[in-house]
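These notes concern the structure reproduced below.
The values are calculated or read from the model by the stated rules, or taken from the named source; none is laboratory data. What you are looking at is a predicted structure, and each value in this text was computed from that prediction instead of being measured. Don't worry about glycine lacking a Cβ; one is built from the backbone with ideal geometry, like all the others, and counts go over all protein chains shown.
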Amino acid sequence: MSTTIEESLDINEVEDRFKEFFEKYYSTEIKDLVAKYPNEKSLYVHYNSLLERFDPEFADRLVEEPDKFILGAERAVKNTEIKLQPVIDSGESQGLSLNEILNNINVRFIELPTRLRTLARNLRSHHINKFVSIDGIVKRATEVRPKLVKGVFKCLRCGNVMEVGQEGESYQEPYQCADETCQRKNAFELLVDKSDFIDSQKLQIQERPEDLRGAEQPQDLNILVEDDLTGEVVPGNRVIINGVLRSSQKQSRNSKSTVFDVYVECNSIELMDREFEDLEITVEELNMIEDLSSDPDIYNKIIDSIAPTIYGYRDVKEAMALQLFSGVAKQLPDGSRIRGDIHTFLVGDPGIGKSQILRYVSNLAPRGVYASGKSSTSAGLTAAAVKDEFGDGKWTLEAGALVLADKGVATIDEMDKMNSRDRSALHEAMEQQSISIAKAGITSTLKSRCALLGAANPKYGRFDRYEPIADQIDMEPSLLSRFDLIFTLTDKPDKKKDEKIANHIIKSHYAGEISMKSDKSGEADTALEDIEPAIEPELMRKYIAHSKQITPVLTEDAKEELVDFYLELREIGEDENSPVPVTARQLEALVRLAEASARTRLNETVEVVDAERATTIVNKCLKEVGMD
Ligand code: ADP
Ligand code: MG
């Protein structure tokens, strides 16, 4: 049945329609919920069922008038005619009455259609008090604390007891004593054990890196969560937040401002766990990807698509390519996990394009996060528990770059300048790919399953390739050994090379004009050949995302190739002058690199050619650090 809603429905009509809807489609869910109460307290309603099975106009109104609709839905549960007493008698309700249970059930709406989803940056004044659905990553989460919802007060003069409902964040005392003969206007005592509290928590979400392009800064949005939604997410979780957008007036020192801040009063949180769904790949694009993967020159094309405006550095770009495609994470029988992510590190003289390469890679990665080691945020690179304005005196757990880049690539510039807390957390973050926090009652483990691309300048201005790197960049060998590949880049004047770089840089600067000219004259694109990517970034990003669905397995021959090379390395590494110790980590690195190489062809097996690429690039890196 479908009715047309000509005028706005009143609250009783909304309640009646929801009663009808719940009876038709949600009676099983309501019975289940009542049986599980108080372990579960929320009825989750799929927006689609309202939209497609019940009444599209009614569903639309919910977005426009969420307060009335949420209240109406909760009243419909409270006054439902579904037979629930038998359920309660056999449930876990611990002697609670049907009324007590139904009074406390929240109705939460989930899975709004994508046309109703918004990015934080696109929220406008017309969204205020409307139902919104927003994608993001949880960046901060405060401790869960009780919040007063109904205060019971005692007048300190006459002892009269009164109730005051609490709304929003400000604390409301009675205006005056309700006793006729008293009517005193101050001195009330809050009777804590007679008052009602609800769990409350404040979150901050940030736009997801995959929703940002170029140098856009992610925007933040504050979220208020209550009751059974508290404590459900941790920083780094990817979520969809559904709720009502509220505004609150900014307070300057002595006057109220006309500019308002917004936050979301959360109705439901959807945790996004799937990995590949953030990039939509069309059938047409999939065909292009398949075609590319069987191109015999695909490996070079991919390398030529990394930072083409930077001249040279072919080995570095090859490493970046392998890092983007990445190896396969493995779950061992004993429950431990070996990362598939490849960590790389660029150390070298200033002004040679390191930062530029990092920015390029973070834009190209399907999920790239760029940060600087000397960043001023309290979370730094890893994560921190802080007590600041955001939490209004409560402790807040805050995610740094490596957590926000979970399942992506974190590029960290000026890594040598990171603080000591990050330095110690990084050991765990790089190998176990998690960050543990235990401070002030907050204990949590945040996930940081990302590849790290770091860059650092040497301590003494210029790099000296005959000195151990650890001495030159203020990083302990234990941290350096966690990188799969370390490149040391030096800037020695070389007339021929310098001339080429100079021409390349100038050409990149005027790329716009060159392409306009060649459009007019119809000249071939040869003028731009070496500064334009072989594969467009947008397609490349999708190619990379798609490749992650493939988990290539080593062939016997490839295995032999890697093991032989590793054994040779071990022998050389025995030498006490060797700058880097050779450990089993190098073997794991070789496997990851070879797997990544197979993924560039979307190949299910790792062949000898892949193993050779891995050994060649590892060899080059070791030579550069003086191990030959
Ligand atoms: P670093 O981080 O190594 O100190 P930057 O990335 O800031 O250096 O580079 C400084 C500038 O020099 C950038 O504008 C960069 O584009 C340019 N540059 C340096 N090396 C190259 C190169 N090989 N090819 C093209 N541009 C380069
Ligand atoms: Mg730099």
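Would you call Val244 closer than 30 Å to Ala429 by Cα, touching a residue at least 12 places away in the same chain (Cβ under 8 Å) and buried (at least 18 other Cβ atoms within 10 Å of the Cβ)? Considered against the rule, which asks whether it is closer than 30 Å to Ala429 by Cα, touching a residue at least 12 places away in the same chain (Cβ under 8 Å) and buried (at least 18 other Cβ atoms within 10 Å of the Cβ), Val244 comes out as no. Could you go through the range 325-342 and let me know if any residue there is within 16 Å of ligand 2 (Cβ to nearest atom), under 24 Å from Val606 (Cβ atoms) and crowded, with 18+ Cβ neighbours inside 10 Å. Checked the range 325-342: no residue is within 16 Å of ligand 2 (Cβ to nearest atom), under 24 Å from Val606 (Cβ atoms) and crowded, with 18+ Cβ neighbours inside 10 Å.
Condition test on Ala425, is it farther than 24 Å from Leu324 by Cβ, crowded, with 23+ Cβ neighbours inside 10 Å and either more than 16 Å from ligand 1 (Cβ to nearest atom) or assigned by TED's automatic domain parsing to the domain that holds Gln323 (or both)? Please lay out each step first, then the result.
On the way: farther than 24 Å from Leu324 by Cβ: yes; crowded, with 23+ Cβ neighbours inside 10 Å: yes; either more than 16 Å from ligand 1 (Cβ to nearest atom) or assigned by TED's automatic domain parsing to the domain that holds Gln323 (or both): yes.
When the stated conditions are applied, Ala425 passes them.
Answer with yes or no whether Met320 is more than 16 Å from ligand 1 (Cβ to nearest atom), at pLDDT 90 or above and either assigned by TED's automatic domain parsing to the domain that holds Lys417 or surrounded by 13 or more Cβ atoms within 10 Å (Cβ to Cβ) (or both). It is false that Met320 is more than 16 Å from ligand 1 (Cβ to nearest atom), at pLDDT 90 or above and either assigned by TED's automatic domain parsing to the domain that holds Lys417 or surrounded by 13 or more Cβ atoms within 10 Å (Cβ to Cβ) (or both). Count of the range 108-129 residues, restricted to those that are in a strand (DSSP E or B) and over 23 Å from Pro209 (Cβ atoms), is 3.
Checking the structure you have, find out if any residue of the range 476-487 is more than 28 Å from the chain's Cα centre (by Cα), touching a residue at least 12 places away in the same chain (Cβ under 8 Å), within 16 Å of ligand 2 (Cβ to nearest atom) and assigned to a loop (DSSP other than H, G, I, E, B). Taking every residue of the range 476-487 in turn, none turns out to be more than 28 Å from the chain's Cα centre (by Cα), touching a residue at least 12 places away in the same chain (Cβ under 8 Å), within 16 Å of ligand 2 (Cβ to nearest atom) and assigned to a loop (DSSP other than H, G, I, E, B). Evaluating Asn363 against the criteria (1) under 16 Å from the mean Cα position of the chain (by Cα); (2) within 16 Å of ligand 1 (Cβ to nearest atom); (3) crowded, with 24+ Cβ neighbours inside 10 Å leaves one unmet condition, (3). Ile302 fulfils the conditions (1) more than 28 Å from Ile352 (Cβ to Cβ); (2) not in a loop (DSSP other than H, G, I, E, B); (3) not charged (D, E, K, R) except for a single criterion, (1). Residues in the range 176-231 that are of a type in the set (D, E, K, R), within 30 Å of Glu163 (Cβ to Cβ) and part of a loop (DSSP other than H, G, I, E, B): 4 in all.
What residue, of Ser355, Ser326, is assigned by TED's automatic domain parsing to the domain that holds Leu554, closer than 20 Å to Leu402 by Cβ, among the hydroxyl-bearing types (Ser, Thr, Tyr) and within 15 Å of ligand 1 (Cβ to nearest atom)? Walk me through it before giving the result.
Numbers: Ser326 fails: within 15 Å of ligand 1 (Cβ to nearest atom).
Criteria check complete, one pass: Ser355.
Among the residues of the range 209-221, not a single one is at pLDDT 90 or above and more than 17 Å from the chain's Cα centre (by Cα). Would you call Ile473 surrounded by 13 or more Cβ atoms within 10 Å (Cβ to Cβ), aliphatic (A, V, I, L, M) and modelled with pLDDT of 90 or more? So Ile473 does not fit the description; no.
Would you confirm, using the coordinates I've provided, whether Val347 is at pLDDT below 95, buried (at least 21 other Cβ atoms within 10 Å of the Cβ) and over 21 Å from Glu210 (Cα atoms)? Steps first, answer last, please.
Working: at pLDDT below 95: yes; buried (at least 21 other Cβ atoms within 10 Å of the Cβ): yes; over 21 Å from Glu210 (Cα atoms): yes.
The answer is yes for Val347.
Count of the range 371-414 residues, restricted to those that are among the hydroxyl-bearing types (Ser, Thr, Tyr) and surrounded by 24 or more Cβ atoms within 10 Å (Cβ to Cβ), is 3. Between Leu485, Leu528, the distinction of being surrounded by 14 or more Cβ atoms within 10 Å (Cβ to Cβ), modelled with pLDDT under 80 and not polar (S, T, N, Q) belongs to Leu528 only. Under the condition of being among the aliphatic types (A, V, I, L, M) and within 14 Å of ligand 2 (Cβ to nearest atom), which residue from the range 356-370 is nearest to Ile535 (Cα to Cα)? Ranking the candidates gives Val361 first.
With respect to the conditions (1) out of contact with any helix residue (DSSP H, G or I) (no Cβ under 7 Å at 6 or more places or on another chain); (2) within 20 Å of Leu480 (Cα to Cα); (3) aliphatic (A, V, I, L, M); (4) assigned to a loop (DSSP other than H, G, I, E, B), Ala425 lacks only one, and its number is (4). When we screen Gly391, Gly400, Gly373, Gly353 for residues that are under 21 Å from the mean Cα position of the chain (by Cα) and within 14 Å of ligand 2 (Cβ to nearest atom), the only hit is Gly373.
Table: residues versus (1) of a type outside the set (Asp, Glu); (2) at pLDDT 90 or above; (3) in contact with a Pro (Cβ under 9 Å, 6 or more places away or on another chain).
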site	(1), (2), (3)
Leu358	yes, yes, no
Asp392	no, no, no
Ile412	yes, yes, no
Asp416	no, no, yes
Arg423	yes, no, no
Gln433	yes, yes, no
Lys439	yes, no, no
Ile442	yes, no, no
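Can you find a residue in the range 298-312 that is surrounded by fewer than 19 Cβ atoms within 10 Å (Cβ to Cβ) and within 16 Å of Glu595 (Cα to Cα)? Yes - at least one qualifying residue is present in the range 298-312. Note on the range 332-352: among residues that are over 21 Å from Lys317 (Cβ atoms) and not hydroxyl-bearing (Ser, Thr, Tyr), the one that is farthest from ligand 1 (Cβ to nearest atom) is Pro333.
With respect to Leu33, is the statement that it is in contact with a Leu (Cβ under 6 Å, 6 or more places away or on another chain), closer than 15 Å to Lys78 by Cβ, modelled with pLDDT of 95 or more and crowded, with 19+ Cβ neighbours inside 10 Å true? So Leu33 does not fit the description; no.
Can you tell me which residues in the range 366-393 are within 16 Å of ligand 1 (Cβ to nearest atom) and part of a loop (DSSP other than H, G, I, E, B)? The answer is Gly373, Lys374, Ser375. Scanning the range 31-63 for residues that are in contact (Cβ under 8 Å) with a residue 60 or more places away in the chain and of a type in the set (A, V, I, L, M) gives Leu33, Val34, Leu43, Val45, Leu51, Leu62, Val63.
Each residue in the range 209-228 was checked for being in contact (Cβ under 8 Å) with a residue 60 or more places away in the chain and buried (at least 21 other Cβ atoms within 10 Å of the Cβ), and 2 pass.
Among the residues of the range 129-150, those that are under 21 Å from Val239 (Cβ atoms) and of a type in the set (S, T, N, Q) comprise Ser133, Thr142.
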